[in-house]
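Trainee: Provided herewith is a single structure, encoded as structure tokens, for subsequent inquiry.
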Amino acid sequence: MNWLLTSLAMGAADAPTQCVALPAPGATTQVAWISPVRRSARNNQDIEVVLASDLSAWSHANKADQTRVLQAMGYAGKRGGWRARRYYKVTLFEVPSEELCRPRSDIEEGEIIDGVRSCGEAPIGQSCGLSQDKLTGQGGLPVYQVPWRDAARWGFCVVPLELYLQES
């Protein structure tokens, strides 16, 4: 019986994930990095970003507050918790799309999928290049990674998350 359960579990783990095609970003695009106010990035660190247009459209359509955005990004749990009570900021960058990569564990690193190269391993809780919405358990917003030094090359703008959500 244990052998049967183990075989079924291994077969399910090997089954390919059905990912939907995601739209490719434009040649140059504005991205948003959501992070706690006191968190900064090192020059050689990759940061996780979403397209600013996706974030604005999603937050407007869902009348989202800070807690709901953090849940959609996979940063806060179903009830929000202590993470949702912290102060967050949105850092906006203008980046060429070739600087972006999409975290996809099912695709070989460097392979082009949906117009964006794959980063290889996706962070825990992400699949198919989407954040894991902790409230719904479904895929959230399309996520990209970009090295901080490449994103910050042309400058950036920092806005409190609550203010950003009011303006979008």
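The values are calculated or read from the model by the stated rules, or taken from the named source; none is laboratory data. This is a predicted model, so every value here is computed, not measured. Please note: Cβ atoms are built from the backbone with ideal geometry, for glycine as well, and neighbour counts cover all protein chains shown.
Trainee: Only one of 159, 146, 116 is touching an Asp or Glu at 6+ places or on another chain (Cβ under 6 Å) and aliphatic (A, V, I, L, M). Can you tell me which?
Mentor: Just a single option satisfies the conditions, and that option is 146.
Trainee: How many residues does region 106-135 contain that are surrounded by fewer than 20 Cβ atoms within 10 Å (Cβ to Cβ), within 11 Å of residue 19 (Cβ to Cβ), of a type outside the set (Asp, Glu) and at pLDDT 80 or above?
Mentor: Summing the residues that are surrounded by fewer than 20 Cβ atoms within 10 Å (Cβ to Cβ), within 11 Å of residue 19 (Cβ to Cβ), of a type outside the set (Asp, Glu) and at pLDDT 80 or above in region 106-135 gives 1.
Trainee: Something else: Please state which of the following conditions residue 64 fails to meet, knowing it meets all the rest: (1) modelled with pLDDT of 90 or more; (2) touching a helix residue (DSSP H, G or I) at 6+ places or on another chain (Cβ under 7 Å); (3) outside any loop (DSSP other than H, G, I, E, B).
Mentor: (3)
Yes/no per residue for (1) part of a helix (DSSP H, G or I); (2) of a type in the set (S, T, N, Q); (3) over 22 Å from residue 81 (Cβ atoms):
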| site | (1), (2), (3) |
| --- | --- |
| 131 | no, yes, no |
| 134 | no, no, no |
| 145 | no, yes, yes |
| 151 | yes, no, yes |
| 157 | no, no, yes |
| 166 | yes, yes, yes |
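Trainee: Would you mind stating whether residue 32 is in contact with a Ser or Thr (Cβ under 9 Å, 6 or more places away or on another chain), surrounded by 12 or more Cβ atoms within 10 Å (Cβ to Cβ) and without any contact (Cβ under 8 Å) to a residue 24 or more places away in the chain? Break it down stepwise before answering.
Mentor: Working: in contact with a Ser or Thr (Cβ under 9 Å, 6 or more places away or on another chain): yes; surrounded by 12 or more Cβ atoms within 10 Å (Cβ to Cβ): yes; without any contact (Cβ under 8 Å) to a residue 24 or more places away in the chain: no.
It is false that residue 32 is in contact with a Ser or Thr (Cβ under 9 Å, 6 or more places away or on another chain), surrounded by 12 or more Cβ atoms within 10 Å (Cβ to Cβ) and without any contact (Cβ under 8 Å) to a residue 24 or more places away in the chain.
Trainee: Residues 58, 33: which one is modelled with pLDDT of 90 or more, of a type outside the set (D, E, K, R) and within 17 Å of residue 150 (Cα to Cα)?
Mentor: 33
Trainee: Can you say whether residue 138 is surrounded by fewer than 16 Cβ atoms within 10 Å (Cβ to Cβ) and under 14 Å from the mean Cα position of the chain (by Cα), as far as the supplied structure shows?
Mentor: yes
Trainee: Would you please list the contacts, defined by Cβ atoms under 8 Å and residues six or more apart or on different chains, that run from a residue in region 43-65 that is over 17 Å from residue 153 (Cβ atoms) to a residue that is of a type in the set (Asp, Glu) and in a helix (DSSP H, G or I)?
Mentor: The qualifying pairs are 65/162.
Trainee: Do the conditions hold for residue 89, that is, is it more than 25 Å from residue 104 (Cβ to Cβ), outside any loop (DSSP other than H, G, I, E, B) and either touching a Leu at 6+ places or on another chain (Cβ under 7 Å) or modelled with pLDDT under 95 (or both)?
Mentor: Spelling it out, residue 89 is indeed more than 25 Å from residue 104 (Cβ to Cβ), outside any loop (DSSP other than H, G, I, E, B) and either touching a Leu at 6+ places or on another chain (Cβ under 7 Å) or modelled with pLDDT under 95 (or both).
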